[in-house]
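The values are calculated or read from the model by the stated rules, or taken from the named source; none is laboratory data. The structure displayed is predicted, hence computed values, not measured ones. All Cβ positions, glycine included, derive from the backbone under ideal geometry; neighbour counts span all protein chains shown.
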Amino acid sequence: MLYYALMFLVVGLVAGALGLFGIAAIAGQIAGVLFLTGVVLAAIPSTQTPRQATVVTTTLASARPKASSSTRRTVSKENAE
């Protein structure tokens, strides 16, 4: 955002130096709006209070889904060979 504000400022300065005052005025206004928007968007995260991270701990046994009785397969000795 601030990069584009700087680019519009440069365009406005070049246009003003070349005598294109209408384009320079518009580019200057766009640069001002983009600069203020960038400053506000950069200031919002710095005003918020930091949140503490929550640590999630799981054991391997509890993370594994348990198979229900309908999904369990029984293999007899004849089918295993």
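Report yes if residue 37 is closer than 16 Å to residue 2 by Cβ, among the hydroxyl-bearing types (Ser, Thr, Tyr), at pLDDT 60 or above and under 32 Å from the mean Cα position of the chain (by Cα), otherwise no.
Yes.
In region 40-76, what residues are assigned to a helix (DSSP H, G or I) and either at pLDDT 60 or above or surrounded by 10 or more Cβ atoms within 10 Å (Cβ to Cβ) (or both)?
Within region 40-76, 40, 41, 42, 43, 44, 45, 46, 47, 60 qualify.
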